Structure formats: C-alpha cells, structure tokens
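Peer 1: One structure coming up, written as structure tokens, with questions to follow.
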Amino acid sequence: MRRFGSMLLLLSLVLSLGACSLFEPREAEPPGTTTTPYAFVPPTAPEMVLDNLANAFPAAQPDYFLNSLVEPQGDDPGFFFIPDARVAEQQVGLFEDWDYNTEQGFVNSLFQRLSEGALQDVGWADIQLTNLENQTRIQVDYTVQLTYLPQERTVLPEHLAGRAYLTLERGDDQLYRILQWEDEDLAVDSLLCWSDLKAAVQ
C-alpha cells in the first residue's frame with residue numbers, strides 16, 4: 001500500500017511539472033532557422049538578387065526589394081531606373097530623376113496597396129548573365145501578377161510583362177545589389193510593363 005501511494009505521488013509530480021511546461025513561453029528560434037519559402041537570402045551570387053526581388057511580394061516585405069538595390073552614399077545617388085521609351089514619352093518628366101529615394105517611395109506605396117495573403121507573383125525567364133570586371137549585367141524577361149486591396153480606388157495593372165536589363169554591383173560585404181534597372185515593354189499579349197506600374201502608382 002505504501003508502495004502504491006509513492007507511485008501515485010510520483011505520477012502526480014510528473015504530471016504537474018508537465019502541465020507547467022505547457023504554459024511556459026516558447027523560446028524564439030535562432031536567426032536563420034526560419035522555414036518560410038520566401039525568406040531573404042544574402043545575395044552572394046547575382047541570381048539570388050532576382051530571388052529576393054520575387055520573394056518580396058508573397059512575403060509582403062518591401063525591405064526585401066529595397067535591400068536588393070544600391071543605396072545612396074554621399075553625392076552618389078545609388079540605384080536609378082530607366083523606363084521603357086513608350087512610357088517615358090507618355091509620362092514626360094516623371095522618370096527624369098528616378099533614383100533610390102524615388103524607388104523607395106514607389107515600393108512602399110505599392111506594397112501598402114497589395115492584398116496580403118492573396119496571390120502576388122513575380123516570375124523570371126530567359127536569364128542571361130554577363131560578368132564584367134566590377135559589375136554583372138542581367139537580361140531577364142519578367143511576368144508579374146498582383147492582387148490589390150478591395151478598397152483600392154486607383155485602377156492599377158494586375159498583370160505585367162516585359163524585359164529588364166539590370167546592372168549589379170558587388171559591395172564591400174561581397175553581396176550583389178542593383179545599380180541600374182532599364183525596363184523594356186515587349187508588348188506581350190497587350191500587357192503593360194513595370195514602367196506602367198510605376199506611373200500608375202505615382
């Protein structure tokens with residue numbers, strides 16, 4: 001009988017300890033252990049910049065996009081954007097000084113209008129890389145599908161297609177970032193291009 005009582009005491013002690021652990025807060029996972037398929041990965045190779053740009057949209061993380069661009073330093077404006085010729089002609093003056101700061105305003109405004117959890121997709125195709133002494137150039141075709149908030153009143157393009165000519169620089173941290181983005185409308189299925197989206201959001 002005494003032995004049975006001891007076993008009951010031991011069992012209740014184990015159960016009480018286990019119950020306490022159920023209500024203890026979980027320790028945070030160490031950095032870098034996230035399992036999301038859309039995590040930002042330090043771009044140690046040029047192609048990884050494209051991955052981070054694309055992942056920014058389903059992850060709803062504008063910083064992924066902005067961290068892929070060369071930031072201004074001193075008198076150096078950093079990133080700059082060259083629009084498609086058709087859009088530049090239609091939007092006189094809009095793209096004259098489209099630098100990092102202008103791009104930052106555009107990206108933040110765009111992401112505020114996107115519907116989080118809905119389909120946001122950026123795809124790349126026909127990637128061509130040219131390695132130069134201090135730069136890498138990428139020619140790549142893109143397709144974009146975006147879903148906006150239901151209350152968005154501005155008519156914004158949901159489907160885009162075109163070609164991007166990217167000039168990448170590798171920084172002192174050995175990571176690649178985009179210095180120049182030149183856009184071209186390929187007139188694919190009458191879809192608008194990235195320059196059209198910038199003009200609409202602005």
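What follows is calculated from the coordinates using simple rules that are stated; it is not laboratory data. Owing to the predicted nature of the structure, the values given are computational and were not obtained by experimental measurement. Every residue, glycine among them, receives a Cβ derived from its backbone with ideal geometry; neighbour counts consider all protein chains shown.
Peer 1: How would segment 43-201 be classified by its alpha-carbon gyration tensor: rounded, prolate or oblate, with rounded meaning a/c under 1.5 and the a/b versus b/c comparison settling the rest? Don't jump to the answer; show the numbers that get you there.
Peer 2: Details: a/c = 1.43, a/b = 1.36, b/c = 1.05.
Verdict is rounded for segment 43-201.
Peer 1: Write out the trypsin sites (Lys or Arg not before Pro) in segment 149-202 meeting two conditions: DSSP loop, and at most 12 other Cβ atoms within 10 Å of their Cβ. Walk me through the numbers before you get to the answer.
Peer 2: Numbers: sites: Arg153, Arg163, Arg170, Arg177, Lys198; in loops: Arg153.
For trypsin sites (Lys or Arg not before Pro) across segment 149-202 that sit outside H, G, I, E and B with at most 12 neighbouring Cβ atoms in 10 Å, the list reads Arg153.
Peer 1: Each label point is 7 Å from the Cα along the Cα-to-Cβ direction; what then is the distance between the points at Val155 and Gln174, in nm?
Peer 2: Calculated label separation equals 5.1 nm.
Peer 1: Work out, step by step, the length gained on full extension between Ile82 and Asp63: first 0.36 nm times the residue separation, then minus their alpha carbon distance; give nm to one decimal. Present the calculation step by step, with values, prior to reporting the outcome.
Peer 2: Working: separation 19, 0.36 × 19 = 6.84 nm, distance 2.12 nm.
Difference between extended and current length: 4.7 nm.
Peer 1: Okay, next question. Let's test the formula: R0 of 25 Å, r as the Cβ-Cβ distance of Gln135 and Ser115. What FRET efficiency results, to the nearest 0.05?
Peer 2: 0.10
Peer 1: Restrict the search to segment 118-179; then list the GluC sites (Glu not before Pro) that DSSP places in a loop and that have at most 13 other Cβ atoms within 10 Å of their Cβ. It would help to have the intermediate numbers written out before the result.
Peer 2: On the way: sites: Glu133, Glu152, Glu158, Glu169; in loops: Glu133, Glu152, Glu158.
Those satisfying the criteria are Glu133, Glu152.
Peer 1: Arrange the following residues from fewest to most other Cβ atoms within 10 Å of their Cβ: Glu71, Glu96. Walk me through the intermediate numbers first.
Peer 2: Working: Glu71 15, Glu96 9.
Final ranking by Cβ density, sparse to dense: Glu96, Glu71.
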